[in-house]
Each structure stands twice: as C-alpha cells, then as structure tokens.
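All remarks here apply to the structure that follows.
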Amino acid sequence: MTERKASGELRVAIAGLGSIGTKIATALDQGIEGLTLSAVAVRDPAKHQAFISSLRRPPTILPLDQLGEAADIVVECAPSSQLRAIVEPAVKRGRAAVVVSVGGLLDNFDLVDLARANGGRIIVPTGALIGLDAVNAAAIGTIHSVKMVTRKPIDGLKGAPFIVQNNIDIDNLREPLKLFEGTAREAAKGFPANVNVAVALSLAGIGPDRTRMQVWADPTVTRNVHRVDVEADSARFSMSIENIPSENPKTGIITALSVIALLRKQRATLCVGT
Ligand SMILES: NC(=O)C1=CN([C@@H]2O[C@H](COP(=O)(O)OP(=O)(O)OC[C@H]3O[C@@H](n4cnc5c(N)ncnc54)[C@H](OP(=O)(O)O)[C@@H]3O)[C@@H](O)[C@H]2O)C=CC1
Ligand SMILES: O=C([O-])CC(=O)C(=O)O
C-alpha cells in the first residue's frame, strides 16, 4: 500500500455497497486519517444513487475491473462469486485488495501468487471473528488443532447450498440441529455466505484442510455465534463471539467495523494488535 496520490492520501475503492460496503463508505466519507474514498462499484447504479449522492464527497462509480486504477486499496464487499473479478485486476496493478468474501479465496488461491508477482497484496480482516492475532502468533510456533463451532439463527442460514442440496428443512426447527461437521474447506463450499470466518481462521492458523468445524442451525439464538478452541505449543485458548446481525441476517454488524479498524491502521501513528 505504498502508492499515494499527490496529497499523500491513500485512495480506497469499495466493490459492493451492501450491508458491509455502505458502512465502510460512510466511515471513509466521515474521515479516516490519511485515507480517501475515491471510487465504488455497484451492480445497479440507480439503486445506490441516493446513498452515493448523500456522501460529502461522492466517489466515482466505476466497473469492478477499473477500481484498481482509481485506488491504492480495493475493498471487496460483494458476493463471493464476484471475488475474482474484483481482486484480479487490482492485484495485477500492484494494489492491495481487502477481501471479506474470504471463503471465495479457496477456489481462487492463485490470486495470492498473482499478487506476489505484481507487488500487490491480499488482506483478510478478522471480520466477524475474534482473535486472529492470537492464532497468527501461535502459528509462528506449532498449532496442534483448531476447532470451531458456529451457531446461527434460521434466517442466517437460509438458502445455503448444503441445506438446499440435502433437502434439510430448517424452517420448522424447535431445537438446535447440527447441519455439518468437517473441514473449513468443505464448510466454505456448503455455506459460502455463512462461514467466511472459518476460512479466515484457517488461513491464519493451520489451513482449510486441518481446521475442523461444525455448523448448527439454532432457533434458540438471535445472534451469529462462533466458538473457537485452539491447542498450540505456546498456548491453549478458547474464544467466542456473538454477532448481532446487520440488515443482512447472514452478516454481523462487527464485520464492517473490523474493516474500518483495519483501514484506520493503514496510516495511524499508534497501532495496537497484530
Ligand atoms: N469475512 C467475514 O467475516 C464476513 C464476510 N461476509 C461476506 O461479505 C460479503 C458482503 O456481505 P454483505 O455486505 O453482508 O452482503 P450484501 O448482500 O448486503 O451486499 C453485497 C453487495 O454486493 C453487490 N453486488 C453484487 N454483485 C455485484 C457486482 N457485480 N458489482 C458490484 N456490486 C455487486 C450487491 O448489489 P445488489 O444490492 O444490487 O444486490 C450488494 O449491494 C459476502 O460475501 C459475505 O458472505 C459477511 C460477513 C462476515
Ligand atoms: O458471523 C457473522 O456475522 C458472519 C459469518 O459467520 C461469516 O460470514 O462467516
């Protein structure tokens, strides 16, 4: 993230103005030290015109593949199906791509090599999870196991391919049902819009094939709940987070805040946490 425009500010572009993207755009517009919102990409400009016009400094609307021309940092906040279309042109230009649809990275991992070859970067925020700093640190030594259990309200899971393909009726559940148990890689395929956190955890730690996960549909919870247990040669730790859903029931409010915190760190004088 070294290229800056003449004013010295890092230019940020946002792909996707949904529950995460609009909050990041608003935060940038309100002011983050050393950063400026330069461009956005949306599927339907008319739908987002009122929001964009309401910003103090409305960004330019560009196609996905042109965001890297207008920004030093491209923040991906669209469905994972669009991940490649957003990240590839950005990292080819040596830009940094902040990826929230991190589940989609597993099938597009060559993008990491592409970024490396072109001086770009791919940055995965902690997002809706907790403690990736501790997992990163433990991974410098030896991590023996990482286990994660996710419980979501019914609305947070509806439409997931695993549920549809297996014809599972979750609408009439009265008690928690374990839907899935397996690796983070398998979970990302079955629940692409639900377990980005498991993939982020796996990339911070021991990888998507050794990170174990369970997914529960739980009519007794109102939040997206993630519990993680890590066993390492440096420490044993357990972490849990109960995310309040945003206007998108699959997405916790804290996800956008995590990206905003990451952006704040880009030019902050005091940085706390790894
Ligand atoms: N890493 C993490 O911890 C987390 C990651 N996520 C992931 O983050 C991503 C975004 O989540 P969220 O904001 O809640 O999702 P939303 O559905 O609220 O927003 C996605 C936005 O992307 C837009 N979009 C779709 N296609 C395109 C396109 N071709 N060009 C530009 N914009 C497009 C949609 O437009 P339209 O409104 O027209 O449909 C929508 O506004 C998802 O993949 C989600 O799974 C979510 C939570 C946690
Ligand atoms: O907990 C949340 O809010 C979102 C989530 O699980 C994910 O996308 O991985």
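How many of the residues in the range 135-156 are out of contact with any His (no Cβ under 8 Å at 6 or more places or on another chain), closer than 18 Å to Val102 by Cβ and at pLDDT 95 or above?
Number of matching residues: 5.
Exactly one condition in (1) in a helix (DSSP H, G or I); (2) in contact (Cβ under 8 Å) with a residue 12 or more places away in the chain; (3) of a type outside the set (D, E, K, R); (4) open to solvent by 20 Å² or more (accessible area, probe 1.4 Å) is false for Ser38; which is it?
The failed condition is (1).
Pairs only if they're at least six apart or on different chains, beta carbon under 6 angstrom, first in the range 68-94 and at positive phi, second assigned to a helix (DSSP H, G or I); list them, first residue then second.
Gly94/Asn118
Taking the condition of being open to solvent by less than 20 Å² (accessible area, probe 1.4 Å), within 15 Å of ligand 2 (Cβ to nearest atom) and hydrophobic (A, V, I, L, M, F, W, C), how many residues in the range 240-274 meet it?
Adding up the residues that qualify gives 2.
Kindly indicate which of Ala235, Ala184, Ala188 is touching a residue at least 60 places away in the same chain (Cβ under 8 Å) and within 15 Å of ligand 2 (Cβ to nearest atom).
Ala188
Has the range 83-90 got any residue that is closer than 22 Å to His48 by Cα, more than 17 Å from the chain's Cα centre (by Cα) and open to solvent by less than 60 Å² (accessible area, probe 1.4 Å)?
Among the residues of the range 83-90, not one is closer than 22 Å to His48 by Cα, more than 17 Å from the chain's Cα centre (by Cα) and open to solvent by less than 60 Å² (accessible area, probe 1.4 Å), which makes the answer no.
Let's see how each residue does on (1) in contact with a Leu (Cβ under 8 Å, 6 or more places away or on another chain); (2) buried (at least 18 other Cβ atoms within 10 Å of the Cβ); (3) not assigned by TED's automatic domain parsing to the domain that holds Ile260:
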{"site": "Gly103", "(1), (2), (3)": "no, yes, no"}
{"site": "Phe109", "(1), (2), (3)": "no, no, no"}
{"site": "His144", "(1), (2), (3)": "no, no, yes"}
{"site": "Lys147", "(1), (2), (3)": "no, no, yes"}
{"site": "Ile154", "(1), (2), (3)": "yes, no, yes"}
{"site": "Pro161", "(1), (2), (3)": "no, no, yes"}
{"site": "Ile168", "(1), (2), (3)": "yes, no, yes"}
{"site": "Thr183", "(1), (2), (3)": "no, no, yes"}
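The values are calculated or read from the model by the stated rules, or taken from the named source; none is laboratory data. Worth saying up front: this structure is predicted, and the values here are computed from it rather than measured. With ideal geometry, Cβ positions are generated from the backbone for all residues, glycine too; neighbour counts draw on all protein chains shown. The accessibility values were calculated without ligands, DNA or RNA, using every heavy atom of the protein model including side chains. Shrake-Rupley method; radii C 1.70, N 1.55, O 1.52, S 1.80 Å.
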